[in-house]
2 protein chains.
Amino acid sequence: MSTEIYAEYPPELSTQQERWLIQTVKDWTIEHGLAIRPSTAIVPEKTNPGNVLATNAPVTLFPSPFPKSCYDQARSLQQTYNELYAAIANDEGWLETIMEELIEVDDFLAKLWETHLRVKKDGYVQNMTLGMFRSDYMLHTSEDCPPSLKQIEFNTISSSFGGLACLVAEMHTHLATYPSAQHPVAYPPHPLFSNYESTSIKSIGHPPSNTAVSTLTAGLAAAHQAYGPSKSSPQLPTCILFLVQDEERNIFDQLALSRHLYKHHGIPSFRLRTSKVMSDTFCAFDHPSRPLVYTPPSSPSTKYEVTVVYFRALYSPTEYENSDCWASRYWLERSGAIKCPSILLQLAGSKKVQQVLTSRPPGPDYLKAFLPNHSDATLDNLRSTFAPQYSLSSTDPAVQAEGIKLALDRATAANHVLKPQREGGGNNIYRTNIPPFLKSIPESEWKQYILMELIHPPEQAHNTVLRSDGAVFMSDVISELGIFGTCLWKTAPGVKQPEVMHNTEGGYLMRTKAKDSDEGGVAAGFSSLDSLILYEEV
Amino acid sequence: MSTEIYAEYPPELSTQQERWLIQTVKDWTIEHGLAIRPSTAIVPEKTNPGNVLATNAPVTLFPSPFPKSCYDQARSLQQTYNELYAAIANDEGWLETIMEELIEVDDFLAKLWETHLRVKKDGYVQNMTLGMFRSDYMLHTSEDCPPSLKQIEFNTISSSFGGLACLVAEMHTHLATYPSAQHPVAYPPHPLFSNYESTSIKSIGHPPSNTAVSTLTAGLAAAHQAYGPSKSSPQLPTCILFLVQDEERNIFDQLALSRHLYKHHGIPSFRLRTSKVMSDTFCAFDHPSRPLVYTPPSSPSTKYEVTVVYFRALYSPTEYENSDCWASRYWLERSGAIKCPSILLQLAGSKKVQQVLTSRPPGPDYLKAFLPNHSDATLDNLRSTFAPQYSLSSTDPAVQAEGIKLALDRATAANHVLKPQREGGGNNIYRTNIPPFLKSIPESEWKQYILMELIHPPEQAHNTVLRSDGAVFMSDVISELGIFGTCLWKTAPGVKQPEVMHNTEGGYLMRTKAKDSDEGGVAAGFSSLDSLILYEEV
């Protein structure tokens, strides 16, 4: 049974084997651009004045085992999830009721909402929205039950690592199959690899191919196409803008998408730093279509009309350092470009929405309302991936009472984590620390928190990680699986349901981090890029 | 006329344009593996204990202009050059006469020759040899004549940079054509690019595609095929060995070949450090075919028989630090693997051979003797690429006298360089420093030198270089064009001519270095990888 698989994986390495494997990974990563720019903790700024150095992205030496049934389930749900979040983002009224109370405690969400309202007042001129999503899960194990999927987060903005995740899958496949799958030189024999005959486990012996890059770029290309010809007069050539942070270390992940976009779809894209939005783009706000025009600073005579603004920045409160950042967000939201995502879609991805969706009869059945055309079986399947959670500020008194009861009782609190509702802020409170913590703060502040049941990932999972500074660690690990998907839809005035034009699933991200043994919980260690080795027990 | 082309190239960049171009190059290089491991001068060892960091290979920001006629000529000669050097390496008797006198002054060549003789005594068991060649040229300009090609060196061992050179050509093409050739954002308008209409110059606007990787790997694959099935009993899987230096910073250049070899020919290859030859390979010298068996240290249960040993190491005297190195060379030479190159082929690439080949009637016509089946026109074409040179130890008294006369006369010396005959050693003496230098040493030592007429590359050539430490320099430059080729042949006992089985040309290396203005000559500055922009004047 599954636990044993984790206990006996990965295979042990001799000194010679470990040296070979690590050297191969160090070289393979740079050879293929599975790289990041090093942090100043690794290379001091004075050693790297031109910022030319690169290092491997942190990676696991082995792919992590994952039950094929759970992987298949996650994939099968993705298009429904895409549709769900499109429907949520399309329902401004519903989002408003959810945001109302959050706005009081979360300045960031409040400011996003306010920016949306300003654009609404001006009138939105673009009725299409693009979502590039990643639904993140952990495996939950409990006695006598097969492992199940629990959703951690549904990312609606800046869903990253599609580019590098494809490369990790390719690297692990290389390690498992070079020069032949029966006699790989990098991996010793193990029941999960093809170099071992096993009767109790079925595995294809290497990671499934990862189509994240082609899926994500196909989404961008669909939006680019749907935008249609330039609305400027005279007409301009069109492009996609990647909105990026001023200091981006994960640039090669992003370049994998822009390269594929040009090579396979012939669509040019440019990188625009958030600090340059106002200087390098122009938007005639009195033009009925408000075309967003980008001028590459190196080639001022050639202007481009922007079809899609792909946000790889401006997703977190810490990025909005001054009023210029908010002005830039407003500027882009108000323009005629398709936003990936719109502000409403970013808000749809907030923790609070995720918690509210868990409501079910006798409470409101939001899932059914947002996905009226899906069978109960599909909705139940989706619902099975929700981790039980309770808002301590729920408008549903029964939910609230239940949450408070579980949180204050030391015995039940022991299986929960208390998380602040606001985005990107504050520490989580674990287990039996919850009751004394709640008692130490005024009851009026309880509503800022959500109580979640703890997820129990496979306890005996191990892996070895090559960090970006070259250090190698073997440790107990926990993994998170993300499934990528894209959705393009049109909003029609007065119609609650979005008109979905493109809805796809494809590609995955596996991230693995060391268990923080001091905390005994799932607190974040150092996160590494990983891939999957799917298994079925026979 | 040509000089003007160089004077007005590359186009000037504004600050914005330069910043864009440099940033694009910094990112493109790492994204595509156009990388090297940094030297400890760039990153101190303590900052990089795991040796994980990488940086861009030094590259020019623009491709360098090159006359299409000279490029075409170099390509058209390559297969004849391949055949010439195969014939030289095949003619042990002739090489012996050339080496006889060199052996007195050059310990390295003496030791190589001695190793060859030892293997000869044991009996060679492999009658095939693979050459992976690079013929290096400079452009020579003189008043009122079109530029012409002059050969600098014909490399018969470790001809490197094919992998990275392909990437540089790809990068310059990207810069010249993204997002469109008519409106590239990275390069300002210039007559040599497609973004400018010119009536006096014809250019395709970007570098010719570089097929070095496919050409070189096809050579390795041909040799692998020709080796045939395993000669061990029981039979073993076969592989190619890349013999590499213990501390190799140019590893990504080599990995480009092994990756292509596996992907397109399905041939596994392994990297073997010179210090590990004796521990990781085995050769049963009493076996009639002496199969060379390699055991990957990480996978001792799987042995491979080596079809080809590809030397990317053991080419220079400085690499033979101790007797183990010579023992390893002997070990490999004696084995049944096809050597790329054999010792005889390495010796054929010595400077002395290059000088002797310039001999022509009334002296011996070696070219005609080695290439009996080629027309006089072809041989004259080949000969036109020889720079005039004279051995001060020539067995031809007329050549020797002419050389000494030119060297001692201040007026004629001013157009020459004096080079030591021995490999990898000593400084060159330039121009008017030659007469006093010769007078300062005993006449008996003059024979250690070759006098070469100076080559005059285009004087006004400029380019900008991004070094591996991130520094950017614009300077006067000189460039060297290398053309790659491979040749596989069989030696039949008593037959002077080799039986050529595979003879190809394809791919190029352009290297560009800053002129050292202090010396006013062609002394080496810092060398960068470059590509070509071919032009014709109309």
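Just a few scattered comments:
- For the peptides A:250-259, A:286-295, A:18-27, the ranking by packing is A:250-259, A:18-27, A:286-295, with the highest mean count of neighbouring Cβ atoms within 10 Å listed first.
- Residue-wise HN-Hα coupling along the stretch A:133-143, computed from phi with Karplus coefficients 6.51, -1.76, 1.60 (Hz; x: Gly, Pro): 10, 9, 9, 9, 10, 10, 7, 10, 10, 9, 3
- Here each label is just a point 7 Å from Cα along the line to Cβ, and for A:E104 and A:T295 those points are 4.8 nm apart.
- Net charge, B:G162 excluded, C-beta distance under 9 Å - Lys, Arg +1, Asp, Glu -1: 0
- When the convex hull of its Cα atoms is viewed from all sides, the stretch A:264-418 shows a mean projected area of 14.9 nm².
- Among B:H224, A:H265, the order by Cβ neighbours within 10 angstrom, fewest to most, reads A:H265, B:H224.
- Once both labels are positioned 7 Å from their Cα atoms along Cα-to-Cβ, the gap between B:Y196 and B:E536 label points is 2.0 nm.
- Long-range tail of P(r) for the protein assembly as shown (Cα pairs > 56 Å, %): 26
- Exposure proxy order (Cβ contacts within 10 Å, fewest to most) of A:S203, A:S316: A:S316, A:S203
- Average Cα contact separation per residue, chain A, under 8 Å, 6 or more apart, as relative contact order %: 26
- Residues in the stretch B:494-506 carry Karplus couplings, in order, of x, 9, 6, 7, x, 8, 6, 10, 7, 8, 10, 10, x Hz; the curve used is 6.51 cos²θ - 1.76 cosθ + 1.60 with θ = phi - 60°, and Gly or Pro positions show x.
- Candidate lysines for bridging to B:K68, where Cα separation is under 19 Å - those fewer than 8 sequence places away on the same chain excluded: B:K150, B:K202
- Each residue of the stretch B:37-42 is assigned a 3J(HN,Hα), and the resulting list reads 7, x, 6, 5, 5, 8 Hz, derived from the Karplus form 6.51 cos²θ - 1.76 cosθ + 1.60 (θ = phi - 60°), x at Gly and Pro.
- Each label was represented as a point 7 Å from its Cα along the Cα-to-Cβ direction; for B:T412 and A:M501 these points are 8.0 nm apart.
- Pairwise FRET efficiency - A:E96 versus A:N127, Cβ, R0 = 22 Å, nearest 0.05: 0.70
- Residue-normalised convex hull volume from the C-alpha trace of chain B: 163 Å³ per residue.
- Rounded to 0.05, the FRET efficiency of the B:R118 and B:Q460 pair, given R0 = 41 Å and the Cβ-Cβ distance, is 0.20.
- Counted by Cβ distance under 13 Å from A:V244, the other residues give a net charge of -1, where Lys and Arg count +1 and Asp and Glu count -1.
- Residues of the stretch B:227-262 with amide N under 19 Å of the 7 Å Cα→Cβ point at B:A327: B:244, B:246
- Percent breakdown of C-alpha pair distances by 10 Å bin, ordered from the shortest bin, for the stretch B:389-454: 24, 62, 14
- Once you reduce the stretch A:1-45 and the stretch A:209-234 to the center of their Cα atoms, the two points are 35 Å from each other.
- Helical runs (DSSP H, four residues minimum) scored at -39500 (n - 2.57) apiece and divided by the length of chain A put the mean residue ellipticity at 222 nm at -10500 deg cm²/dmol.
- Cα convex hull of the stretch A:332-385 - mean projected area over all directions, nm²: 5.0
- The lysines within cross-link reach of A:K405, meaning a Cα-to-Cα straight distance under 17 Å and a gap of 8 or more places when in the same chain, are A:K419, A:K439, A:K447.
Rule-based calculations on the coordinates, nothing more; no lab input. Since the model is a prediction, treat every value here as computed from it, not as a measurement. Cβ atoms come from the backbone with ideal geometry, glycine included; neighbour counts cover every protein chain shown.
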